[in-house]
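Quick notes on the structure that follows.
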Amino acid sequence: ILAHRIVDLAIQKVKAIAVENLKKLKKGMRGDGKAELRKRLHLWNAKKFLQKLKRIAMLKGVEVIEVNPAYTSIIGMLKYAPQLSIDKDIAGAYVIGRRALGFKEDTPENYERLLKDKAYLEFALKRYEEREKELAELLEKETNQYERNALESELKNVQNAKKLLTNLLQSLQSEPSSCEGANGRNPEQGRVAKTTLQSAWQVLKVALLFPILGKVLPRDLSPLKPILVEGVWNRVRSRLVPLEAGGTVPIRDF
């Protein structure tokens, strides 16, 4: 029914349908602490739904455009959800539609500046180091295996985030080599720049979400809007300094 409704809406609006060209869908493993996610994915067979949607669209003469799914969710979450005050899933769909129309997603200027701000990146890294310590302590006390699996999963994500931030900091701190390549360019410097560019959105995700919002996948992304538009991450960082009695200053005051 849903596939028919989508195709009929496309006909009504005289539009094509844009979808992600999904090869695989992450399902998770039993005991990973994500039973609800596995249940939802089991009930929602995306591959079969897309096949049905494309078949109905073909029969009714509606074009279906498949796009590269890389970073659509992250770009929507960081760039359009806070800016347009929309849900992160709708924002992800917005990116898919733009990609189908041939638009490219440039990194916002203020986000590019943030990726070069050593002081902020060190602050973000410190936040993950603190969380890593907290998770290690929780693991020592936890006896329930399912809870342990969930904690271990989060710990792995924290460690991966630390690695991304550390690599970026090292690339910013490295000195240009005296050995030049063709046309006076340093091959190693070019490699680092390319790697950083390719992972920019992933680094932004780990640099912004948990360090500022306190969650890996927060519902409310509106606190990112001043950073996106005005570039005031230093103001946010200054409000997260430790208090005398412990803890941090709530970012909602920002």
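For every residue, the table says whether it meets (1) in a helix (DSSP H, G or I); (2) within 30 Å of Ser153 (Cα to Cα).
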| residue | (1), (2) |
| --- | --- |
| Val62 | no, no |
| Ile75 | yes, yes |
| Leu78 | yes, yes |
| Val95 | yes, yes |
| Gly102 | no, no |
| Thr107 | no, yes |
| Glu132 | yes, yes |
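For region 54-73, what are the residues that are crowded, with 19+ Cβ neighbours inside 10 Å, at pLDDT below 95 and not small (Gly, Ala, Ser)?
Tyr71, Thr72
Conditions: (1) loosely packed, with under 13 Cβ neighbours inside 10 Å; (2) more than 27 Å from Leu22 (Cβ to Cβ); (3) of a type outside the set (Asp, Glu); (4) assigned by TED's automatic domain parsing to the domain that holds Leu209. Leu114 meets all but one. Number of the miss?
(1)
Please name all residue pairs, on different chains or six or more residues apart, with Cβ atoms under 7 Å, provided the first residue is in region 145-160 and is surrounded by fewer than 17 Cβ atoms within 10 Å (Cβ to Cβ) and the second residue is β-branched (Val, Ile, Thr).
That search, which allows pairs on different chains as well, returns Asn157/Val216.
Quick check: is even one residue across region 197-208 among the charged types (D, E, K, R), surrounded by 15 or more Cβ atoms within 10 Å (Cβ to Cβ), within 23 Å of Gly76 (Cβ to Cβ) and at pLDDT 90 or above?
yes
Out of Glu109, Glu137, I need the residue that is at pLDDT 95 or above, exposed (fewer than 12 other Cβ atoms within 10 Å of the Cβ) and within 29 Å of Leu168 (Cα to Cα). Which one?
None of the other options fit; the residue is Glu137.
So which pairs qualify, if the first residue must be in region 211-228 and touching a residue at least 40 places away in the same chain (Cβ under 8 Å), the second must be exposed (fewer than 14 other Cβ atoms within 10 Å of the Cβ) and part of a helix (DSSP H, G or I), the Cβ gap must be under 8 Å, and the two must be at least 6 apart or on different chains?
Pro223/Arg252
Please pick out the residue among Ala119, Ala91, Ala136, Ala150 that is in contact with a Phe, Trp or Tyr (Cβ under 7 Å, 6 or more places away or on another chain), outside any loop (DSSP other than H, G, I, E, B) and hydrophobic (A, V, I, L, M, F, W, C).
Only one candidate qualifies: Ala91.
The values are calculated or read from the model by the stated rules, or taken from the named source; none is laboratory data. Here the structure is a predicted model, which is why all the values come from computation and not from measurement. FYI the Cβ positions are ideal-geometry reconstructions off the backbone, even for glycines, and counts take in every protein chain you see.
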